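Participant: Right, I'll just put the structure down here and ask away after.
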Amino acid sequence: MNKKLILSVFLLLVVTLSFAQTKEELEAQKAEKQAEADKFQGEANALQAQIDALPGWRTGAFGTIGGNLSDFSNWYGQGTPNLSSGSFGITLNAFANKIEDKYFWRNSLLTNLNWVKFNDKDDDTDDDSFQNGTDVFNISSLYGRNLSKTWAISGLAEYRTTLLDNFNDPGYLDVGVGATWTPIENLIVVIHPLNYNFVFADGDSVFESSMGAKIVADYTRQIGAINFKTNFSTFQSYESSDLSNWTWTNSFSYTLWKMIGVGFDFGLRSNKQEAANYQEVDLSDVDNKLQSYYTFGLSYKF
């Protein structure tokens with residue numbers, strides 16, 4: 001009886017030691033392979049940096065898709081027991097840049113569209129369709145002739161409006177010349193003291209075009225699975241501060257699997273003309289509250 005017990009304990013110890021040894025060997029092999037993979041990845045990143053530094057076109061795009069649908073029937077625990085609701089949004093950031101030794105041509109597109117639905121089935125007058133929510137469209141083109149590694153003489157055309165509702169009402173077109181500063185890689189700062197802000201609107205309204213200064217700061221970067229873009233654009237009117245405006249947009253995406261990940265976008269804006277038009281008051285009486293939006297959901301890297 002004691003011999004059988006001792007033999008069982010001995011066999012158990014042997015199996016345990018063998019397993020532990022095998023696990024240590026596997027971990028050592030994994031560490032060795034990981035070191036090799038890190039080495040090759042570093043070499044690949046260095047080659048990609050050399051490719052990115054070559055003259056020519058650079059293109060890319062990433063976006064965020066978020067949405068949800070829900071339907072309730074006789075769910076008496078909530079104030080609206082028979083309810084159908086949902087939302088769907090999409091954000092797209094795209095760029096096409098031509099970088100040469102003597103000049104550059106940078107083009108970018110940002111659009112953020114969102115639809116929302118809230119249908120009370122017990123209310124026959126309730127609208128059961130999806131309504132327009134967030135509606136942002138911005139496209140820009142910047143051309144410059146290099147004076148040095150960090151400074152260039154440049155011209156910018158930037159157009160922004162809405163797509164789903166009131167297209168080009170209002171619409172803004174900035175056209176100007178000045179200088180572009182690139183102090184570090186991926187950061188573009190546009191300083192145009194000669195800029196005309198064309199404002200398009202139907203009928204009589206508070207919208208007015210004017211001459212002013214245009215300043216844009218854009219930082220776009222990809223680090224591994226992370227894509228990040230922040231853009232600040234402001235127009236400062238020489239005629240009146242009431243005609244000035246600024247917009248700050250941010251986009252972030254993290255790739256989890258292949259081309260799919262999670263994304264987050266948010267934006268801020270201050271525009272007295274838009275606020276006065278919505279409130280149907282004069283610019284002197286407007287309550288210019290800060291405008292904002294955000295979108296969170298799945299992202300897809302193009």
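Participant: Of the residues 279, 34, 131, which exhibits the maximal mean-square fluctuation in a Gaussian network model of the chain defined by a 10 Å Cα contact cut-off?
Facilitator: The residue that fluctuates most here is 34.
Participant: Hey, another quick one. Which is farthest toward the positive dipole end of segment 57-301 among 199, 283, 223, measuring Cα position about the Cα centre, with Cβ charges +1 (Lys, Arg) and -1 (Asp, Glu)?
Facilitator: Selected residue: 223.
Participant: How large is ³J(HN,Hα), in whole Hz, for each residue of segment 124-140 in order, when computed from phi with the Karplus curve 6.51 cos²θ - 1.76 cosθ + 1.60 and θ = phi - 60°, using x for Gly and Pro?
Facilitator: 5, 8, 6, 7, 9, 9, 6, 9, 5, x, 5, 8, 10, 9, 9, 9, 9
Participant: Residue by residue through segment 253-269, which ³J(HN,Hα) values in whole Hz follow from phi under the Karplus form 6.51 cos²θ - 1.76 cosθ + 1.60 (θ = phi - 60°), with glycine and proline marked x?
Facilitator: In residue order, the calculated couplings are 9, 10, 7, 9, 8, 6, 9, 9, x, 10, x, 9, 10, 8, x, 10, 8 Hz.
Participant: Gaussian network model of the chain, Cα springs within a sub-10 Å range: biggest mean-square fluctuation belongs to which of 101, 265, 169?
Facilitator: Residue with maximal mean-square fluctuation among 101, 265, 169: 101.
Participant: I'd like the Karplus ³J(HN,Hα) series for segment 217-231: coefficients 6.51, -1.76, 1.60, θ = phi - 60°, whole numbers in Hz, and an x wherever there's a Gly or Pro.
Facilitator: 10, 10, 10, 10, 8, 10, 10, x, 8, 9, 10, 9, 8, 10, 9
Participant: Okay, moving on. Search the structure for amide H atoms under 5 Å from the amide H of residue 207, placed 1.01 Å from N in the peptide plane, and list their residues when 5 or more places away or on another chain.
Facilitator: The list, which skips near neighbours in sequence, is empty: none.
Participant: Which angle between 0 and 90 degrees, to the nearest 10, do you get for helix 2-53 versus the longest principal axis of the chain when only C-alpha atoms count?
Facilitator: Computed tilt is about 30 degrees.
Participant: Taking a threshold of 30 Å on the Cα-Cα distance, which of the pairs 229/272; 39/258; 33/229; 102/229 fall above it? Present the calculation step by step, with values, prior to reporting the outcome.
Facilitator: Numbers: 229/272 26 Å; 39/258 22 Å; 33/229 34 Å; 102/229 26 Å.
Violating the 30 Å Cα-Cα cut-off are 33/229.
Participant: Scanning the chain for trypsin sites (Lys or Arg not before Pro) in DSSP loops with at most 16 other Cβ atoms within 10 Å, what's the longest stretch left with none?
Facilitator: 150-257
Participant: For the chain, report the convex hull volume of the alpha-carbon atoms normalised per residue, in Å³, without decimals.
Facilitator: 220 Å³
Participant: If I build a Gaussian network model for the chain, linking alpha-carbon pairs within less than 10 angstrom, which residue out of 209, 237, 70 has the largest mean-square fluctuation?
Facilitator: Taking springs between Cα atoms under 10 Å, the residue moving most is 70.
Quick note: the coordinates plus some simple rules give every number you see, no bench work behind them. What you see is a predicted model; the values in this text were computed from it and never measured. Positions of Cβ are backbone-derived with ideal geometry, glycine not excepted, and every protein chain shown enters the neighbour counts.
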